[in-house]
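What follows is a short report on a single structure.
The values are calculated or read from the model by the stated rules, or taken from the named source; none is laboratory data. Quantities reported herein were computed from a predicted structural model and do not represent experimental measurements. Because the Cβ atoms are built from the backbone with ideal geometry, glycine has one as well, and the counts that use them run over all protein chains shown. Side chains included, ligands, DNA and RNA excluded: accessible areas come from the protein's heavy atoms. Shrake-Rupley method; radii C 1.70, N 1.55, O 1.52, S 1.80 Å.
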Amino acid sequence: MQDGNGSGSESLDWNTDDEVDIRSETETSSHPTLPTLSGAIIGNGEASTSNSASRTMLIAHFVGMGFSDKLVSKAIDENGEGDTESILNTLLTYSSLENSPEDEEQCNINSEPSSSDFNETFVDDYNDNFLDEDSDADSWGENEVEVKIKTEPDSALATLSEKDNKLLALASMGYTREEASTAMERCGQEASILVLTDFICAAQVAREQDCYLPEETKRIYNGSNPMKKRKLIEMCKKKVGAEDTIRLPNPMIGFGVPSQPLEDFRRSLPEAAKGPPYFYYENVALAPKGVWDTISRFLYEIEPEFVDSKYFSATARKRGYVHNLPIKNRFPLIPLPPLTIHQAFPLTRKWWPAWDPRDKLNCIQTAIGSAKLTERIRSALERYDNDPPESVQKFVIEQCRKWNLVWVGRNKVAPLEPDEVEMLLGFPKNHTRGGGISRTDRYKSLGNSFQVDTVAYHLSVLKDIFPNGINMLSLFSGIGGAEVALHRLGIKLKNVVSIEKSKVNRDIVRSWWEQTNQTGNLIDFDDVQQFDVDRVVQIINNIGGFDLVVGGSPCNNLAGSNRVSRDGLEGKESALFYDYFRILDLVKCVMRSRE
């Protein structure tokens, strides 16, 4: 996003790795290329050539926008050759029902419900997305339903249960069986289509890249015995049953947020879990089935606290936290952060169209929308003196939600700038700037960070417990979200041992440490897998023990939009959770032995 004058973004360097990644997705997708009508088509739908050449020129024009020959011909047949606006609206309507880029090969273009072949294409979508050969017959009633839909589509559609109707509706929107079934499982069968699509959208934009991982596969558990990783995984499989899942709460406020505290809430911790040392673990809430049960079991059977950062800021960030901190007498950071888009960016209010209902941004990603996309949106909207047609509105809002685009001028949207993302996540201005760091790395580092206000609310209970300061072990430190939270709470950082793979992130934390004139000691390492018992003993002997162990292991194999290697805690990256558990257990054992 640009500053308040709504000036253009053309001067910015958009040629980043993130943009290349996005472009490679959008160019292979079936989403429409929003139009800029050329001289071949005249304003009120009049062709600039003779009738004999009209259809050929129309097809060529819309194909040039990125639509397929077949789809364009269908739209022309339905609307006639003289009404280009209706043709465009029909194409955009079709495209708004398509799937996300990763599922393009499964996506079928559907006509509107009033068209004669609606049932046929609707059923095709249902079969393609849901009743495939990998479907669970018990969950879907596979054979009977599939045969009935194929042989008697009209009667089958009329007699489907409410659950199946919702699945069909999600299929028509292009969502996969896995996405739909997960959404219904987590949100409940009574959830509305709007709630289900919001859940799926949140999962899709949860892609989190990280930069702390080595190229080679390394051992997962302490020291020299590679069999311990296998034992840990087998332990998970034995403990997590097929029906044993933790359901996400609604609203996602955990044990309370500043605006909605839970009065007289009590929880009991197992004896082995009680601190000190206190510990605090974070990861994405929308993880595969059974992941949070496993995390909870390894972390001393503590119930996760699921919180959406939209209660602390103007941006959503659905996360789960497992910790042994007290939950009474929490307090928020002051000053309170802006809680809506217009509070965060008041100058956008002037340009915000009434048909864009957003007041919160989606989860901050590690990538941003491309300049090409924002230009297509501008070109499309400039065709209309008043509000654009509903189909155009729908598509624009969908892209704005997906990429967190905000309005910076008339008909003009733009992605957030890094310093604006810093503000939304609770970091000081220019926290990620300096030292030659690229825009790409700034977005990546911020996209993988804590939301500081949320974390600080949970950690605030430590201020009275440790009035003289704290010794902290920070695993997967990233850009120092926990360190910033403690500092903003007024808790002195006596000794911080920070372990972070990315040199860029280590440099950011070191720079912040120096800029804020910290008087304690910052000791950094680059690999949690090399942090063994000898090093733990050495450090604890030097500083006298840790008061807090904090961290969030990589979520690459947990995030909802990772359809290539969403392997849960058995995935190469997210299996580093076991190193968090291993190191925490080592710290507790060494400190007990000293006592």
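Some notes on this structure:
- Checked across segment 459-477, the condition of being open to solvent by 20 Å² or more (accessible area, probe 1.4 Å), modelled with pLDDT of 95 or more and part of a strand (DSSP E or B) holds for no residue.
- Considering only residues in segment 249-279 that are within 17 Å of Glu301 (Cα to Cα) and among the hydrophobic types (A, V, I, L, M, F, W, C), the one that is modelled with the lowest pLDDT turns out to be Ala272.
- Being touching a Leu at 6+ places or on another chain (Cβ under 6 Å) and either crowded, with 20+ Cβ neighbours inside 10 Å or at pLDDT 95 or above (or both) is not true of Val406.
- Residues in segment 362-404 that are small (Gly, Ala, Ser) and more than 28 Å from Ser438 (Cα to Cα): 3 in all.
- Taking the conditions (1) modelled with pLDDT of 95 or more; (2) open to solvent by 10 Å² or more (accessible area, probe 1.4 Å) in turn, Arg439 satisfies each one other than (1).
- Qualifying residue in segment 498-507 (condition: more than 20 Å from Gly552 (Cβ to Cβ), touching a Lys or Arg at 6+ places or on another chain (Cβ under 6 Å) and open to solvent by less than 10 Å² (accessible area, probe 1.4 Å)): no
- When residues in segment 290-311 are screened for being assigned to a loop (DSSP other than H, G, I, E, B), touching a Pro at 6+ places or on another chain (Cβ under 8 Å) and not acidic (Asp, Glu), 2 of them pass.
- All positions within segment 480-538 that are part of a loop (DSSP other than H, G, I, E, B) and of a type in the set (Phe, Trp, Tyr): Phe531
- Residue match in segment 545-557 (condition: at pLDDT below 90, surrounded by 14 or more Cβ atoms within 10 Å (Cβ to Cβ) and in a helix (DSSP H, G or I)): no
- Long-range neighbours under 7 Å by Cβ, at least six apart or interchain, first residue under 14 Å from Val461 (Cβ atoms) and of a type in the set (D, E, K, R) within segment 253-270, second open to solvent by 50 Å² or more (accessible area, probe 1.4 Å) and in a loop (DSSP other than H, G, I, E, B): Arg267/Glu303
- Residue match in segment 235-247 (condition: at pLDDT 75 or above and on the phi < 0 side of the Ramachandran plot): yes
- For Arg330, the conditions (1) under 21 Å from Pro418 (Cβ atoms); (2) touching a Ser or Thr at 6+ places or on another chain (Cβ under 7 Å); (3) of a type outside the set (S, T, N, Q) are fulfilled apart from (1).
- Only one of the numbered conditions (1) within 25 Å of Arg592 (Cα to Cα); (2) open to solvent by less than 10 Å² (accessible area, probe 1.4 Å); (3) in contact with a strand residue (DSSP E or B) (Cβ under 6 Å, 6 or more places away or on another chain) is not met by Ala285, and that is (1).
- Those residues of segment 356-398 which are open to solvent by less than 20 Å² (accessible area, probe 1.4 Å), of a type in the set (S, T, N, Q) and within 20 Å of the chain's Cα centre (by Cα), in sequence order: Thr366, Ser370
- Summed over segment 442-464, residues that are farther than 26 Å from Lys501 by Cα and without any contact (Cβ under 8 Å) to a residue 40 or more places away in the chain total 1.
- When segment 270-289 is filtered for residues that are of a type outside the set (Lys, Arg), assigned to a loop (DSSP other than H, G, I, E, B) and more than 29 Å from Ala316 (Cβ to Cβ), the ones remaining, listed by number, are Pro270, Gly275, Pro276, Pro277.
- Only one of the numbered conditions (1) in contact with a strand residue (DSSP E or B) (Cβ under 8 Å, 6 or more places away or on another chain); (2) open to solvent by less than 10 Å² (accessible area, probe 1.4 Å) is violated by Ala485, and that is (1).
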